[in-house]
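I have placed the structure first, in the form of structure tokens, so that the comments after it can refer back to it.
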Amino acid sequence: MQTIELVYDAAPESTGLSVTLTRSGFQCTEISDPVRAIEVAVNQAPTMILVDVNTGPMSGLRLITALRQITTAPLIVLASAPSEADQVRALEL
């Protein structure tokens, strides 16, 4: 089964995504702590990682940079209202 790591700090939104992904046949791991997200990426080697760019305490962009150093899994960046600069920066990572 393909696994997706969902890093999102808003529980209702992450739960909705998790339910939808699970119904679509994916195993989903919900994580609200960016530091824990790095540990899970190393230990569980997910197929894909969905990252909310607005996670705290570590910014989503810092988390993406850290994840890129430890995994080649595809990253999908989620954002409610990112600035154009954040969009460009996320694509460059």
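The values are calculated or read from the model by the stated rules, or taken from the named source; none is laboratory data. Quick caveat, the model's predicted, so the values are computed rather than measured. A quick note on method: Cβ atoms are made from the backbone with ideal geometry, for glycine too, and the neighbour counts reach across all protein chains shown.
Data table
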item: Segment 1-16, residues that are modelled with pLDDT of 90 or more and out of contact with any helix residue (DSSP H, G or I) (no Cβ under 8 Å at 6 or more places or on another chain); result: GLN2
item: Residues of segment 29-56 satisfying the condition of being surrounded by fewer than 20 Cβ atoms within 10 Å (Cβ to Cβ) and within 11 Å of ILE4 (Cα to Cα); result: THR29, GLU30, VAL40, GLN44, ALA45, THR47, MET48
item: Number of positions in segment 35-61 that are more than 12 Å from the chain's Cα centre (by Cα) and touching a residue at least 12 places away in the same chain (Cβ under 8 Å); result: 6
